[in-house]
1. As a test, work out the antiparallel percent of DSSP beta bridges whose residues both lie in the chain, rounded to the nearest 5.
2. Do you know the Lys pair count in the chain for C-alpha distances under 16 Å, with sequence separation 8 or more or different chains?
3. Computed FRET efficiency, Cβ-Cβ of His89 and Thr27, R0 22 Å: what is it to the nearest 0.05?
4. Using the crude model of +1 on Lys and Arg Cβ and -1 on Asp and Glu Cβ, and no other charge, please compute the dipole size for the chain relative to its Cα centre, in debye to 20.
5. Using the Cβ atoms and a cut-off under 14 Å, what net charge is assigned to the surroundings of Val8, where Lys and Arg are +1 and Asp and Glu are -1?
6. Normalised by the number of residues in the range 1-92, what is the relative contact order in percent for Cα pairs under 8 Å and 6+ residues apart?
7. Estimate the FRET efficiency between Thr81 and Ala45 by the formula 1/(1 + (r/R0)^6), using the beta-carbon distance for r and 25 Å for R0, to the nearest 0.05.
8. Sequence gap at least 6, Cα distance under 8 Å: using those rules, report the relative contact order of the range 1-48 to the nearest whole percent.
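Bear in mind that the values in this text are calculations on the coordinates, not laboratory data. The shown structure was predicted, so the numbers you read here are calculated from the model rather than taken from an experiment. Please note: Cβ atoms are built from the backbone with ideal geometry, for glycine as well, and neighbour counts cover all protein chains shown.
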Amino acid sequence: NWVSPAEVENALLSHPAVLEAAVVGVTDDAGLMKSMAFIVCGPGAMPNETLATELKEFTKARLAPYKYPRSVVFVRELPKTATGKVQRHILRERATSSPPQS
């Protein structure tokens, strides 16, 4: 099934702990594409395993269950171009070069 990153991002952005979100597809060991969410927490939100689980459940409750991000990575900021567009290729590289969190 196809998943729109923008749809997942919009669901995540509706959570009060999320300041910014970007979702990319990552191929797992079985060759399946899974979504990975990169999250910049809002003021007062603590990036931890509990929040990662909460964000997955939050998204699952708002979208079709198969669309929730399989992993959540907390970052200080999203890589952006000079015009403010998220550089998803950098996030995909980061996702494949490091083991997934939560």
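1. 70 percent
2. Value for the chain: 4.
3. The computed FRET efficiency comes out at 0.90.
4. Computed about the Cα centre, the dipole is about 200 debye.
5. +3
6. It comes to 29 percent, rounded to a whole number.
7. In this case the efficiency is close to 0.45.
8. Here the relative contact order equals 33 percent.
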